[in-house]
1. In this structure, does B:THR2 turn out to be within 14 Å of another protein chain (Cβ to nearest Cβ) and either loosely packed, with under 15 Cβ neighbours inside 10 Å or free of Cβ contacts under 8 Å to residues at least 24 places away in the same chain (or both)?
2. State which residue is least open to solvent (accessible area, probe 1.4 Å) when the search covers only region A:70-88 and only residues that are touching a residue at least 12 places away in the same chain (Cβ under 8 Å) and part of a loop (DSSP other than H, G, I, E, B).
3. Could you name every one of the strands (runs of 3 or more DSSP E) located completely within chain B that has at least 2 residues being in contact with a strand residue (DSSP E or B) (Cβ under 7 Å, 6 or more places away or on another chain), at positive phi and of a type in the set (Phe, Trp, Tyr)?
4. Does at least one position in region A:75-87 carry a residue that is β-branched (Val, Ile, Thr) and over 13 Å from the mean Cα position of the chain (by Cα)?
5. Considering region B:35-73 alone, what residues qualify as being closer than 18 Å to A:PRO95 by Cα, at pLDDT 90 or above and among the aromatic types (Phe, Trp, Tyr)?
6. Exactly one of (1) β-branched (Val, Ile, Thr); (2) at pLDDT below 90; (3) open to solvent by 40 Å² or more (accessible area, probe 1.4 Å) is unmet by A:THR94. Its number?
7. Among the residues of region A:21-37, how many are open to solvent by less than 50 Å² (accessible area, probe 1.4 Å), at pLDDT below 95 and within 12 Å of another protein chain (Cβ to nearest Cβ)?
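The values are calculated or read from the model by the stated rules, or taken from the named source; none is laboratory data. On a predicted model such as this, the values are computed, not experimentally measured, just so you know. Virtual Cβ from ideal backbone geometry, glycine too; neighbours counted across all protein chains shown. Note: accessible area is taken over every heavy atom of the protein model, side chains too, but ligands, DNA and RNA are not part of it. Shrake-Rupley method; radii C 1.70, N 1.55, O 1.52, S 1.80 Å.
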Amino acid sequence: AQSVTQLDSHVSVSEGTPVLLRCNYSSSYSPSLFWYVQHPNKGLQLLLKYTSAATLVKGINGFEAEFKKSETSFHLTKPSAHMSDAAEYFCVVTPYNNNDMRFGAGTRLTVKP
Amino acid sequence: DTAVSQTPKYLVTQMGNDKSIKCEQNLGHDTMYWYKQDSKKFLKIMFSYNNKELIINETVPNRFSPKSPDKAHLNLHINSLELGDSAVYFCASSPRTGAVTEAFFGQGTRLTVV
């Protein structure tokens, strides 16, 4: 079985400072990993996804994540936060056949002026 | 064009009623899902269908019954609605391939049971 743990339920940063949202996973299979973002009262939008081609994955809006197998982690980062980044972020793991997506509990990102 | 569309967007109903939420995807995907998001934003998979066949059926009350008339549609019917059913329900779809691919989500249906 696979699962994800998002280590922080809430992260608060100042505009222009770096963002780090942490995610650890467990999977019996070679996993697929994703980060999704949900803005208030909106649906879920894909930020980035991990393929086995590269451990450092670049996504939309300046976000990136690094897959570290030894640490079973897939942390999301952004060098400089923008006010529009304030949202809920979800880390997701699936087995290779992509039929069983498991979401983390989410991390709420607040960006202060 | 909306890739995954759900109707209605908002649904307010009384306890004990029966209601349906419809979902359609125009992406040609084989797999469709229903997720429930509770008030704490936690997303939990309810059902997964692949090409009209039920693949995943999590521990969900049997008052919830998915129906897939074809692979582009996955509707959710709920009988005898309870207060605890209030949540946002998301439909999603993804290709069924061996490659790494993401799921595409609808905008959600906010169900309020009063």
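1. In short, yes.
2. Going through the qualifying residues, I end up with A:ALA81.
3. Once the strands (runs of 3 or more DSSP E) in chain B are filtered for at least 2 residues that are in contact with a strand residue (DSSP E or B) (Cβ under 7 Å, 6 or more places away or on another chain), at positive phi and of a type in the set (Phe, Trp, Tyr), nothing remains.
4. no
5. B:TYR35
6. Answer for A:THR94: the failing condition is (3).
7. Within region A:21-37, residues that are open to solvent by less than 50 Å² (accessible area, probe 1.4 Å), at pLDDT below 95 and within 12 Å of another protein chain (Cβ to nearest Cβ) number 4.
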